[in-house]
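Worksheet for the structure shown next.
Here, each number is a calculation from the coordinates, and none is a lab measurement. Since the model is a prediction, treat every value here as computed from it, not as a measurement. Heads up, the Cβs are rebuilt from the backbone with ideal geometry, glycines too, and the neighbour counts pull from every protein chain shown.
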Amino acid sequence: MKMLGKTSKVLLAAVLITGLSASAMAKDKVYKWKLATTWGPTLTPFIDAPKNMAKMVKEMSDGRLIIRVDASNKHKSAFGILDMVKGGQYDMGHSASYYWKGKDINTLPFSTMPFGMTTPEQNAWFYYGGGMELMKKVYKKHKVLAFPGGSTGNQMGGWFKKEIKSVSDLKGLKMRIPGFAGEIMAKLGLTVTNIAPGELYTSLERGNIDALEWVGPGMDIKMGFHKVAPYYYTGWHEPGLDLQFLVNEKKFNKLPKDLQAILITAMKVSATDMYTQNYDMSATAWAKMKKDFPKIKVQTFPKEVMDAMKATNKKLRAEITKGKPLLKEILDSQAAYQKKVREWTKMSDFLYLKDNL
């Protein structure tokens, strides 16, 4: 084996130095991203999830990945998050998949479905039951990556000015209730509308609407609905609302592997924390509501009404899946997993609560 000549040694040294320099530069490079949210700047805990995620990413990456979070009042497109991330105006987004069901119906189930899974059940489906793979499949054509972005848990069924004793009591009511649940209620005779959050209290107080659903005590208390609508119905329509983080696939692939791992970890942690935060908010808010407004009546919809909702839900699900094999695959996957996991939910949570309340 010949010894390297002087020129070869110099070239080898230059190559090694260049390689080390490139590696060092990659480690020192700072990536600055922007994230758009559907939420206003004070809508806790929704806005907290992306903010906490961005804070964790900055700390864990030692400042190498910095994410600016823009609330909806800045970018002025609360329901355009998918388009902005897809088009590259924003590197990331935080919203709920059912907001763009008109663009891609296959995104609908990744938020929540009426009479569907609870948050722990749905999380298990996402991470261990094939949900993440199906979500990746749906968003692939948009060139966007999607990750669970936090859950509200089981949402309340809404504030009503009058008691609902039968299906006939629903007919003619004007109610704010969005998404697939709104379609169910419309079939049962309600006039369904979607009103901007800032106008909800006034609309309810003045009688422009007779009922509305929002989230739960933790987020409802600031809105003041309990002051004008005494009947507070338990949930059925959003048993485990999941929000989503969206990431531009091209930009994600340009990140070093360690920053990719940091980003994924931070999204997962902040999503879990949002669920915990909202649970505490609702417990705290309900204690105050109950004390300050003892005339609030917590109600469960009568069996006749629930049966009508379930029958309508089943019929509409069959209609929307016609000619849509991917949507059917997703809904079938959720239904099969729910059937399996619900047995454990009954044994663990339901029977424990039943025997200890």
Looking at segment 199-357, I'd like the Rg to Rh ratio, where Rg is from alpha-carbon atoms and Rh is Kirkwood's inverse mean 1/r. 1.03
Expected sort for 113-124, 270-281 on mean C-beta neighbours within 10 Å, highest first, is 113-124, 270-281
Order the peptides 147-157, 199-209, 174-184, 340-350 from the highest to the lowest mean number of other Cβ atoms within 10 Å of their residues. 147-157, 174-184, 199-209, 340-350
Among [x] 21.3; [y] 22.4; [z] 24.7, the entry matching Kirkwood radius over Cα pairs in Å as calculated here is [y]
P(r) for segment 51-143: what percent of alpha-carbon pairs falls in each 5 Å bin, starting at zero? 2, 12, 17, 20, 19, 19, 9, 2, 0
Compare the peptides 257-269, 226-238 by average per-residue count of other Cβ atoms within 10 angstrom and give them in order, highest first. 226-238, 257-269
Compute the long axis of helix 303-320 from its Cα atoms, compare it with the longest principal axis of the Cα atoms of the chain, and write down the angle in degrees, 0 to 90, nearest 10. 40 degrees
Return Leu316, Leu108 ranked ascending by Cβ neighbour count within 10 Å, so the fewest neighbours appear first. Leu316, Leu108
Inverse mean reciprocal Cα-Cα distance (Kirkwood Rh) of segment 144-254, Å: 15.3 Å
Taking segment 137-196 and dividing mean pair separation by its residue count, relative contact order in percent (alpha carbons under 8 Å, at least six apart): 25 percent
Using the scaling law 2.2 N^0.38 Å as the reference, what is the normalised Cα Rg of segment 127-199? 1.55
Pairs to check: Lys55/Lys86; Lys51/Lys140; Lys58/Lys291; Lys74/Lys143; Lys165/Lys315. Give those whose C-alpha atoms are more than 30 Å from each other in this structure. Lys58/Lys291
Rounded to whole Å, give me the distance from the Cα center of segment 281-357 to that of segment 26-84. 31 Å
The chain: angle of helix 48-60 to the longest principal axis, Cα-based, in degrees nearest 10: 20 degrees
Pull up the DSSP beta bridges for the chain and report the antiparallel fraction as a percent, rounded to 5. 45 percent
